[in-house]
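Worksheet for the structure shown next.
The values are calculated or read from the model by the stated rules, or taken from the named source; none is laboratory data. All figures in this text were calculated on a predicted structure; none of them were measured in a lab. Glycine also receives a Cβ, built like all others from the backbone with ideal geometry; neighbour counts cover every protein chain displayed.
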Amino acid sequence: MSPITTHVLDTARGLPAMGVPVKLEARKAPDRWELIGRGTTDTDGRASELLPDKFPVENGVYRLIFETGVYFKTVGVKDPFYPNVTVVFEVRDQRHHHVPLLLSPFGYSTYRGS
């Protein structure tokens, strides 16, 4: 399993958000990000293969970019407020990092998962 994973739940529909494209980037300088992984959420709303197993994640700042507009279009939601969601977080240790996203057409929340 990737050392950084995510899980997207559609709270408006009460279902996992399947088919959400996700990019994982690492901050290399204050204004420079590097793409280090990508994936798409599966039928359970999970993206657990963003990075190869045992990928060396260094301490630093990362961001997950969720293309939520793509997802909302596939489930028939017109004009969602957030065409994408970016979650920036900091890795300070070498534990597994799980960053879930709770999503609706007009709001979202996130937290440090386990």
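Report yes if some residue within segment 100-113 is within 14 Å of the chain's Cα centre (by Cα), assigned to a helix (DSSP H, G or I), buried (at least 17 other Cβ atoms within 10 Å of the Cβ) and touching a residue at least 24 places away in the same chain (Cβ under 8 Å); otherwise report no.
Among the residues of segment 100-113, not one is within 14 Å of the chain's Cα centre (by Cα), assigned to a helix (DSSP H, G or I), buried (at least 17 other Cβ atoms within 10 Å of the Cβ) and touching a residue at least 24 places away in the same chain (Cβ under 8 Å), which makes the answer no.
What residue, of 85, 57, 8, 75, is among the β-branched types (Val, Ile, Thr) and modelled with pLDDT under 95?
Answer to the selection: 57.
Residues of segment 23-70 being out of contact with any Leu (no Cβ under 8 Å at 6 or more places or on another chain), part of a strand (DSSP E or B) and surrounded by fewer than 14 Cβ atoms within 10 Å (Cβ to Cβ), which ones?
Those that are out of contact with any Leu (no Cβ under 8 Å at 6 or more places or on another chain), part of a strand (DSSP E or B) and surrounded by fewer than 14 Cβ atoms within 10 Å (Cβ to Cβ): 28, 29, 32, 34, 60.
Tally the residues that are without any contact (Cβ under 8 Å) to a residue 60 or more places away in the chain and in a strand (DSSP E or B), restricting the search to segment 4-22.
4
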